[in-house]
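All remarks here apply to the structure that follows.
The values are calculated or read from the model by the stated rules, or taken from the named source; none is laboratory data. Only a predicted model underlies this, so the values are computations on that prediction, with no experimental measurement involved. Methodologically, a virtual Cβ is constructed for each residue, glycine included, from the backbone with ideal geometry; neighbour enumeration extends over all protein chains shown. Accessible surface areas use protein heavy atoms only, side chains included; no ligands, DNA or RNA. Shrake-Rupley method; radii C 1.70, N 1.55, O 1.52, S 1.80 Å.
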Amino acid sequence: MTFDGRILSGVSVLAAVVEGGSFVKAAELIGITDSGVSRSISRLEARLGVRLLDRTTRSVTLTDEGRRFYEEAKPHLDAIEDAAVAAAGTASAVRGRLRVDIDPFFLPLVLAGRLGEFCESYPDLSVEFVTRDHIGDLVADGIDLAIRFGQPRGASLISRKLIEAPILTLASPSYLGRYGRPAHPSDLTRHRCLQFLDPASGKPFDWEFVRGDETIEVPTSGPLTFTDPKSMLEECLAGTGIAQVIGWGVGGRLAAGDLIDLFPEWHGERFPLYAYHPSRQHPPAKVRAFIDFCDEVLRSL
């Protein structure tokens, strides 16, 4: 099979379908009709000799062959776009739409309130944040970038560690007034501890404490288990129980006395924050710009 411009055109339409999630959204993104999108996809499938998309009345998803093809083709499409921008000599290389799979803690407690600066720096870029229980198939879901805590799991993803966050064990004065203050992490077995669900295992995270070379794990239990860290923090503030949280976004509460850091000498545990993007030699300019922005925010904390 020889390459021609129709294949490149078809890949562009396929990318719009993946990013938009439907033929209708794809048509809006690239400025053609729904039927034009359908014909372009059909021509590409006929040219390649494989079915790329499974179509139902409610959804459009990549087939296994379509996912493999898209994973290989999309980076080259992005590279062509970057090259065109560079050749045009324009300063607006960061443009279009960026879809970010964002950690449910990092967005509301770290980035929220700071994003206006990023928007002003890149007025031709629109950012869509998606929060899910776990990282899915970034390519199939049309995700450009994921910002997540925890060790990398996807072998096909490029990862970059941004920072390691401290883990704090917190309680409100009202909780301590009712139940007393634990003197040692091992005392937590007798306390009401708010649990946070690990989406990878489907079980609550273990509570670990590190002081120098000493590491201990403490079995904990409590009345509530969360997947939303902000709600867990609110319940901790209300005196419902003790919580372990990433040590960002709570400095004001600690300074005001609304929360108490129970074990300041046991801050050795660290939770790494990573940026992930689909494998390619050079990530798009919009991905690099957002990663750099997150780096700047984290350095200011």
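Flag: residue 200 does not match the condition of being at negative phi and in the same structural domain as residue 127 (by the TED database). In region 207-301, counting only helices (runs of 4 or more DSSP H) that sit wholly within it, the ones holding 1 or more residues that are free of Cβ contacts under 8 Å to residues at least 12 places away in the same chain and of a type in the set (D, E, K, R) span 229-237, 285-299. Of the listed requirements (1) modelled with pLDDT of 80 or more; (2) buried (at least 17 other Cβ atoms within 10 Å of the Cβ), residue 74 misses just one: (1). Among the residues of region 107-116, write down those that are open to solvent by 60 Å² or more (accessible area, probe 1.4 Å) and touching a residue at least 60 places away in the same chain (Cβ under 8 Å). Answer for region 107-116, where residues must be open to solvent by 60 Å² or more (accessible area, probe 1.4 Å) and touching a residue at least 60 places away in the same chain (Cβ under 8 Å): just 114. Close Cβ contacts (under 6 Å, 6 or more residues apart or on different chains) running from residues in region 61-83 that are without any contact (Cβ under 8 Å) to a residue 40 or more places away in the chain to residues that are open to solvent by 60 Å² or more (accessible area, probe 1.4 Å) comprise 63/51; 63/54.
Residues that are modelled with pLDDT under 85 and part of a helix (DSSP H, G or I) were ranked within region 29-57; the one that is least open to solvent (accessible area, probe 1.4 Å) is 30. Counting only residues that are open to solvent by 50 Å² or more (accessible area, probe 1.4 Å) and in contact with a strand residue (DSSP E or B) (Cβ under 8 Å, 6 or more places away or on another chain), region 254-299 holds 6 of them.
Restricting region 87-106 to residues that are basic (Lys, Arg) and at pLDDT 85 or above leaves a set whose member that is least open to solvent (accessible area, probe 1.4 Å) is 99.
Looking at residue 197, is it over 30 Å from residue 112 (Cα atoms), of a type in the set (A, V, I, L, M, F, W, C), touching a Ser or Thr at 6+ places or on another chain (Cβ under 6 Å) and at pLDDT 85 or above? Answer is no for this residue.
Of 182, 173, which residue is open to solvent by less than 30 Å² (accessible area, probe 1.4 Å) and either assigned by the TED database to the domain that holds residue 258 or β-branched (Val, Ile, Thr) (or both)? Matching residue, one of 182, 173: 182. Confirm whether residue 44 is of a type in the set (A, V, I, L, M, F, W, C) and either within 18 Å of residue 142 (Cβ to Cβ) or touching a Pro at 6+ places or on another chain (Cβ under 9 Å) (or both). Against the criterion (of a type in the set (A, V, I, L, M, F, W, C) and either within 18 Å of residue 142 (Cβ to Cβ) or touching a Pro at 6+ places or on another chain (Cβ under 9 Å) (or both)), residue 44 qualifies.
Taken together, the residues in region 185-206 that are in contact (Cβ under 8 Å) with a residue 12 or more places away in the chain and open to solvent by less than 40 Å² (accessible area, probe 1.4 Å) amount to 6. Residue count for region 136-158, restricted to those that are in contact with a Phe, Trp or Tyr (Cβ under 8 Å, 6 or more places away or on another chain) and at pLDDT 75 or above: 11.
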